[in-house]
1. Could you grab me the full set of residues in the range B:4-38 that are within 11 Å of chain A (Cβ to nearest Cβ), closer than 13 Å to A:Leu51 by Cα, assigned to a strand (DSSP E or B) and in contact with a Ser or Thr (Cβ under 9 Å, 6 or more places away or on another chain)?
2. Which one of these is out of contact with any Asp or Glu (no Cβ under 7 Å at 6 or more places or on another chain) and part of a loop (DSSP other than H, G, I, E, B): A:Ala213, A:Ala222, A:Ala194?
3. Of everything in the range A:83-128 that's assigned to a strand (DSSP E or B) and farther than 19 Å from A:Val170 by Cα, which residue is farthest from the other protein chains (Cβ to nearest Cβ)?
4. Check the range B:44-58 and report whether any residue there is of a type in the set (Asp, Glu), at the interface with another protein chain (Cβ under 8 Å from one of its Cβ atoms) and open to solvent by less than 80 Å² (accessible area, probe 1.4 Å).
5. A:Gly9: at pLDDT 95 or above, within 18 Å of the chain's Cα centre (by Cα) and within 26 Å of B:Ile60 (Cα to Cα), yes or no?
6. Here are A:Asp111, A:Asp79, A:Asp104: which of them is surrounded by fewer than 20 Cβ atoms within 10 Å (Cβ to Cβ), among the charged types (D, E, K, R) and closer than 16 Å to A:Ala185 by Cα?
7. Looking only at residues that are crowded, with 24+ Cβ neighbours inside 10 Å and more than 14 Å from every other protein chain (Cβ to nearest Cβ) in the range A:136-163, which one is nearest to A:Phe223 (Cα to Cα)?
8. Can you tell me which residues in the range A:57-76 are open to solvent by less than 50 Å² (accessible area, probe 1.4 Å), of a type outside the set (Gly, Ala, Ser), away from every other protein chain (no Cβ under 11 Å) and assigned to a loop (DSSP other than H, G, I, E, B)?
Amino acid sequence: MKNDSFIIGGKTLSSRLLVGSGKYSSNAIIPEILRASDSEVITVALRRIDLRASEENILSHIPKEAVLMPNTSGARTADEAVRIARLARAAGCGNWIKIEVISDNRYLMPDNQETIKATEILAAEGFEVFPYMSPDLMAAKRMVDAGACAIMPLGAPIGTNRGLKTKELVQILIEEISLPIIVDAGIGRPSEAAEAMEMGASAVLVNTAIATANDPIMMAYAFGRAVEAGRCAYLSGLGALSEYAQASSPLTGFLHD
Amino acid sequence: MIQMVVNGEKVILEHATTLAMFIETQGINPLSIVMEHNGVVVKQDQWASIECCENDTVEILAFMGGGSK
């Protein structure tokens, strides 16, 4: 869309859909997912390699035009997140980092407090910091002050496909926080991605809903269209809600008395 | 004989090795990994100049699909 540039972390993107790289049946599908969805940003995790087995390198499946957003998954504290971020940057694929600090294994709820700490340290080291967080306005404000370049509130717990359970809290962030809001986690359907965009989110990140669909490539396409439609709807200005019917043609001149 | 810990496991080296040589003998593609040596991130251009010493801790990581799950 012209005049709707999405500038984030020092880059200009033409798609407001970010995708994750997990749960695919094979990493070879990743370029198809990016192509079908038009997404330009993909998140990856950092893990110890298995010295006994030669594992394939996921980077070989990610087109070089794609923007890599490494995450700090595995970190349970700010210090662990900082350590992972520094290692990720050493790969030479850019300075974006998505902070994930999680010590709750059932719901994978992010630790806002540790995330704020990690944001401050990493922003000072020149990273473009994208904190994944539980939508709390004060925590978001602290992340802004700490130097984040966007805020990534969850819609529902990771992998649950439950949709925008945190809708009203996310709405508050969209209204009150000056940075881009990227709804991340829990989006289970293209309609939910559209819903987040209609609310005024700057972008959404989707992984499980695409990767675990029967046809991930078609689902990636659907999400791409949904994010565009939702953004268009937001820019067009949605009509007001009404309690009673509002007829679209005059209630006179009927072909009857 | 040098013993170090690599990715949390004990590894015995027959003779003096640099990080670069260690990676090569393990058959690891240097372009796909990042490394930490004794808690410090070491970039690829430093690997050939770092000697592996007794009780060194080395972490060798690579990007993989996914995130927290």
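The values are calculated or read from the model by the stated rules, or taken from the named source; none is laboratory data. Worth saying up front: this structure is predicted, and the values here are computed from it rather than measured. Cβ: placed from backbone, ideal geometry, glycine included. Neighbour counts: every protein chain shown. Quick note on the areas: whole protein, heavy atoms, side chains included, nothing else; ligands and nucleic acids left out. Shrake-Rupley method; radii C 1.70, N 1.55, O 1.52, S 1.80 Å.
1. The one that is within 11 Å of chain A (Cβ to nearest Cβ), closer than 13 Å to A:Leu51 by Cα, assigned to a strand (DSSP E or B) and in contact with a Ser or Thr (Cβ under 9 Å, 6 or more places away or on another chain): B:Val6.
2. That would be A:Ala213, the only listed residue that is out of contact with any Asp or Glu (no Cβ under 7 Å at 6 or more places or on another chain) and part of a loop (DSSP other than H, G, I, E, B).
3. Within the range A:83-128, the match that is farthest from the other protein chains (Cβ to nearest Cβ) is A:Glu128.
4. Checking the range B:44-58: not a single residue is of a type in the set (Asp, Glu), at the interface with another protein chain (Cβ under 8 Å from one of its Cβ atoms) and open to solvent by less than 80 Å² (accessible area, probe 1.4 Å).
5. no
6. Answer to the check: A:Asp104.
7. A:Gly155
8. The answer is A:Pro63, and nothing else.
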